[in-house]
Every structure is written in structure tokens, then in C-alpha cells.
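Notes to accompany the following structure.
Where a number appears in this text, it was derived from the coordinates with a stated rule and is not lab data. All of these numbers come straight from a predicted model, not from anything done at the bench. Ideal geometry is used to build each Cβ from the backbone, glycine not excepted, and the neighbour counts take in all protein chains shown.
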Amino acid sequence: MVKGQLSKKIYDASWAELIRELEYKSKWRNKKFYQIDTYYPSSQICSRCGYQNKKVKDLRIRKWECPNCLNLNERDLSASIK
Ligand SMILES: [Zn+2]
């Protein structure tokens, strides 16, 4: 898809329509789609063992080591892994 068309679509579509489209495209390409709560602490949860580390709420902490399994979690990458 051309970048400009995508931008126009995002501007034109309501948020609900965008979510519906993402869900549809995910199914069409046999990908998993997850819609999570706004306040779900995904960047505090270890992507390996699922331990929630409440000591890393500060967003300036970009990498943290899980005290449970010693996995090194990079905040954004870890949050995207389910
Ligand atoms: Zn862990």
C-alpha cells in the first residue's frame, strides 16, 4: 500500500473502523490480532516467563533484567511479544 493512501485512510477512518480493518487483515493473512486494555502493563511483563516487574514503571527505563528468569527485556520489543 502506498504510504500516502495509508495516511489518508487513517485520517478518514474512525478508530473503531481501523481496529476492525486490522482484525480483518490479520485473519486474512493468518496472523494473530490482540486488542488489549489501554492500561495493560505490557512493557512491565517479561516476554519469556510472564513475570510482572512493577519496579520498571518509569518509562525512562528502556531495558530491564527479569528478576525471575534473568531475561533481558527491551521495553518496546518485549511489549510486542505475546
Ligand atoms: Zn522472566
Quiz item: Considering only residues of the range 34-46 that are of a type in the set (A, V, I, L, M, F, W, C) and in contact with a strand residue (DSSP E or B) (Cβ under 7 Å, 6 or more places away or on another chain), which is farthest from the ligand (Cβ to nearest atom)?
Solution: Ile45
Self-check item: Extreme residue, nearest to Lys31 (Cα to Cα), among residues of the range 68-82 that are surrounded by 11 or more Cβ atoms within 10 Å (Cβ to Cβ) and within 8 Å of the ligand (Cβ to nearest atom)
Solution: Asn73
Quiz item: Of everything in the range 47-60 that's within 14 Å of Asp76 (Cβ to Cβ) and in a loop (DSSP other than H, G, I, E, B), which residue is nearest to the ligand (Cβ to nearest atom)?
Solution: Ser47
